[in-house]
Each structure stands twice: as structure tokens, then as C-alpha cells.
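Visitor: Got a structure here, written out as C-alpha cells. Questions coming.
Since every read-out is calculated from the coordinates, none of them should be taken as a lab result. Small disclaimer: the values here were computed from a predicted structure and weren't measured. Cβ sites come from the backbone with ideal geometry, for glycine too, and all protein chains shown count toward neighbours.
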Amino acid sequence: MNAKRPNLSVDVAGIRLRNPVMPASGTFGYGEEYAPFVDLNRLGAIVTKGLSLNPKAGNPMPRIAETTSGMLNAIGLQNVGIDAFVAKKCPYYREVATPVFANFFGNTLEEYGEVARRLCDVPEVTALELNISCPNVKQGGIVFGTDPKAAAEVVSLVRKANAKPLIVKLSPNVTDITVIARAVEEAGADAISCINTLTGMAVDIRSRRPKIANRTGGLSGPAIRPVAVRMVHQVVQAVKVPVIGIGGIMTAADALEFLIVGARAVQVGTANFIDPAAMLAIIDGIEAFLAEEGLDDINQLIGSLQV
């Protein structure tokens, strides 16, 4: 008789996921692009590229540079815009039995609110992931996610505009991430995902020029994982809503660190560029680890950190 397989399902923001593994926004297209390489029905969720009110062409090339144990990117949030997403991307999701989290952003409160309102009426979208790592062009360029008041204001507006479960993605480029986490929780977030990329820069020493045209970009990959694990641990301690851990996850062991410190799910980003099937290996690895440890439910592992 075969031993019973461990239960990998988790609840995030009132949504039951078959397992806690999903892609990080911007690293998996809109999902359909990866279908030839990944069984999307095996993922816990699909997280889309960031969506804006109008299409965005993104930043000039070059906009990706490899770094030691990671990469810098300054894609510039290139996307098709909300209307094309609904018309051209959403029909595919009807073929997939996996929840879809629509990541979105804006440069003003009005843009955030309008995109949220439009997504509210899209049945193929299960939940929203609100990216607050964008500058508020009407307030001198202050990044929504670095100021507790601005973060709470945009979350409150989106919460009123859309009844779907709301996940708020936090920037690590702050003095104390727990202050922002508590602010967005109080404003209506159903879950928190963290961390977004760390701001970095790389220089070509021969040309004396930045390696990416934008000069600075977001650092991702294994280099940031210890920072991400620390911040996720802090946020888990600071809020009552579920936390999704992000940052440098390449293997099942990496994902397990985030789960042990209390994340209820994880997002995989840079690894998808190296191996399109990385998330499937991570899911299998988590299941194997639970079996080795004699655990029949992943929820026995979540938050099991010993200090």
C-alpha cells in the first residue's frame, strides 16, 4: 500500500490553493507563454505581469544585467494595458483550473482605482495583487509603498473599488517594512506579498557606463534571499493577514525557509528565467521534504520556526 501523500493545500486571503507555489509578477508573462513548458494546473496560482490603465512600452534597452547570484532589471513595467488584458489574455484562463492573481499598478490614485474597478468585473481573475512600488506623479514622485500614509490611501481606495481578495506587494526599500505592512493591513489588505526587488546598480568598467539604460534597477535572485527571509519573518510577526514570501527562491529548500518563518505561500521569480519548470521541481521538493519529516500537512510546517 502506498503511503498517503502529504497535503500541500493552503489558504491565502480566503482562497484555497492546491499548493503554496506561484510565479512572481513579471517573471511568468501572463501565464499562457509558459504553458508549453509548465503544467499550469500544477501551480498554486498564476500571477500576471503588472497591469496598468494604458499599455506601456517599458524602458529602453538594455534593461537586464546579470549580477553575482542574481540579476538587475529595469523593464519599466511593460504590459498590454487593462483593456487588451481582458480582451486577449483572459479567455485563456478559462482553460486552466488555477486561480489567477492580477498584479496591477498606477502612477496616480485615480489610475489605481480605475484599474481595480475594471478588474472587479473580470470573472477569470480570482484576486488582485496591488503593486505599490510606483511613484505618485501628483505628489512629487514619492513612491506609494515607502510612505505609510500614501500606502494606506491607495489600498483603501482599491479596497472600495474592488471586492475581490486583495494582496498588497511591499517594497523592501524602506527603513521599517513592518510599519508599511501594518498600514496596508489596517487599510483593508487581505494578504501581503513581500519582498519586491531591492534597488541596485551595476557598471561596465570598460565603457564606464551603467549596465542597464535606466542606470538603476531591481535586484533579484539568491543574493537577496536572506534579506527577504528576514523581512518576511518581521512582517509575519507584525500582521494577522497571510503573508506570501518572495525573494531569491531557486529550490525547495529556499521555499521552505520562507514557510518555516511563517509565509503561507511563496512566489518564484528569477528561477523561471533559468529553468521554466523550476516551480514544478520546488513543489515536488516540498512534498518530498514533508514525507521525509513525517509531516502529513504543510500547515504543520508553516510558522514552525524555533527561536
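Visitor: Given R₀ = 41 Å, what would the calculated FRET efficiency be for Lys138 paired with Val307, taking r from the Cβ atoms and rounding to 0.05?
Guide: 0.40
Visitor: Okay, next question. With a Förster radius of 51 Å, plug the Cβ-Cβ distance of Ala97 and Thr216 into 1/(1 + (r/R0)^6) and report the FRET value to the nearest 0.05.
Guide: Approximately 0.80, to the nearest 0.05.
Visitor: As a footprinting exposure proxy, order Asp296, Asp190, Asp121 by other Cβ within 10 Å, with the fewest listed first.
Guide: If I rank by nearby Cβ atoms, fewest first, I get Asp121, Asp296, Asp190.
Visitor: Could you compute the net charge surrounding Ala291? Neighbours are other residues with a C-beta less than 15 Å from the C-beta of Ala291; K and R count +1, D and E count -1.
Guide: -4
Visitor: Between exposed trypsin sites (Lys or Arg not before Pro) in the chain, where DSSP calls loop and at most 16 other Cβ atoms lie within 10 Å, what's the longest gap?
Guide: The answer is 95-205.
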